[in-house]
Structure formats: C-alpha cells, structure tokens
C-alpha cells in the first residue's frame, strides 16, 4: 500500500449513535462560543475574519469565520451568503498565488463549534494521490461506472471496488 497511512489499516467498530446530540460550544444550551471573541486574524473586514490554524502543518491552510454568530450556510443572511462567495474567491486566489498549489479545497464540518467557519486547504501541485472525489461506493478515486441508484443493483459478478492505491495487489497479501 502506498497511501500515506501505516499498515495494516484496521477498521474500528462504530459507536452507538447519540440522540439527541449534545450541545456544542455556541449552541443555545452549550458553552460560550469560542469564535465570537475572535481577534482580527491575518485579514478581516466588516463581515469576515481569516485565521492561520494553530499548529497547522500544511502551508497555505487558513480558516474563515463570520463576525456574526451563525451556525451554517442556512443561517447566513442573504447579504452575508453573497459576500461569502466574493471573499472565498479572494482567499482562493491568494492561496493559488503562493505557487506550487494544484487546487484549493474548501471544507465545512461544523461539529466542533456552532459558529460558521470554513477551511481552505491547498493540495500541493503534483500530489495526485490527494486528488479525487469519493464515489457512491465509498471509495476515493474510484473510476468504475456504477449503475444509477434508481436501477436495481447488478448481480455481484465483479469484485467490489478497490481503492486505486491497492489495485494490482491481492487481498490479504
């Protein structure tokens, strides 16, 4: 295996689901929001603050937070949502200008704190193993054409998808 993980990869059992989910910092019944008291970061305007991650190891990675307390895209005002597009494009252009960047990926999880923030992470130029999307089969970089979900599944005549970094290797080898 040449993917950047140590072998052997061992699946872990999923924990039981927790419903209702506990409040996050910034939720009405949670601890105070850790982002609302933010400084001006490395760049800011009246709506947004751009930050360097503390202890980050990938050069060019930054995160952008709204100045107003909102939890997700759905909670942004129309004006703020529109302005997000303008600022996101500006941040992407700035990261691309660093050079040696193949693509800038934008991520939003929101599980750590209930305050709107997104991450901008550059993929280094030429690091093609970090390129790709997740297929319906759950594999990153899968190139197989799968039937549309509305069609009945095909008989299991083919082996299940294998990640591209393990192709050509026998299972269990």
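The values are calculated or read from the model by the stated rules, or taken from the named source; none is laboratory data. Just so we're clear, the structure is a prediction, and the values are computed from it rather than from any experiment. Positions of Cβ are backbone-derived with ideal geometry, glycine not excepted, and every protein chain shown enters the neighbour counts.
Only residues that are more than 22 Å from the chain's Cα centre (by Cα) and over 30 Å from residue 69 (Cβ atoms): list them for the stretch 9-44, please.
Answer for the stretch 9-44, where residues must be more than 22 Å from the chain's Cα centre (by Cα) and over 30 Å from residue 69 (Cβ atoms): 10, 13, 16.
Please work out if residue 47 is surrounded by 12 or more Cβ atoms within 10 Å (Cβ to Cβ), more than 19 Å from the chain's Cα centre (by Cα) and farther than 27 Å from residue 21 by Cα. Show your work before the answer.
Details: surrounded by 12 or more Cβ atoms within 10 Å (Cβ to Cβ): yes; more than 19 Å from the chain's Cα centre (by Cα): yes; farther than 27 Å from residue 21 by Cα: yes.
So residue 47 fits the description; yes.
Would you be able to tell me the number of residues in the stretch 93-122 that are under 30 Å from residue 25 (Cα atoms) and touching a strand residue (DSSP E or B) at 6+ places or on another chain (Cβ under 7 Å)?
Going through the stretch 93-122, the residues under 30 Å from residue 25 (Cα atoms) turn out to be 95, 104-122.
Filter again for touching a strand residue (DSSP E or B) at 6+ places or on another chain (Cβ under 7 Å), leaving 95, 104-108, 115-122.
Here the count works out to 14.
Surrounded by 10 or more Cβ atoms within 10 Å (Cβ to Cβ) and in contact (Cβ under 8 Å) with a residue 24 or more places away in the chain: is that true of residue 70 in this structure? Steps first, please.
On the way: surrounded by 10 or more Cβ atoms within 10 Å (Cβ to Cβ): yes; in contact (Cβ under 8 Å) with a residue 24 or more places away in the chain: yes.
For residue 70, the condition - surrounded by 10 or more Cβ atoms within 10 Å (Cβ to Cβ) and in contact (Cβ under 8 Å) with a residue 24 or more places away in the chain - is met.
Taking the stretch 22-67, which residues are at pLDDT 95 or above and in contact with a helix residue (DSSP H, G or I) (Cβ under 7 Å, 6 or more places away or on another chain)?
Listed by number, the residues that qualify are 47, 48, 50, 62, 64, 66.
Hey, does the stretch 1-8 have a residue that's under 23 Å from residue 125 (Cβ atoms), at pLDDT below 95, in the same structural domain as residue 125 (by TED's automatic domain parsing) and over 21 Å from the mean Cα position of the chain (by Cα)? Talk me through it step by step, then tell me what you get.
Residues of the stretch 1-8 that are under 23 Å from residue 125 (Cβ atoms), as a first pass: 2-5.
Those still in the list that are at pLDDT below 95 too: 2-5.
Of the ones still in play, those that are also in the same structural domain as residue 125 (by TED's automatic domain parsing) are 2-5.
Subset that is over 21 Å from the mean Cα position of the chain (by Cα): 2.
Yes, there is a match, as at least one residue in the stretch 1-8 is under 23 Å from residue 125 (Cβ atoms), at pLDDT below 95, in the same structural domain as residue 125 (by TED's automatic domain parsing) and over 21 Å from the mean Cα position of the chain (by Cα).
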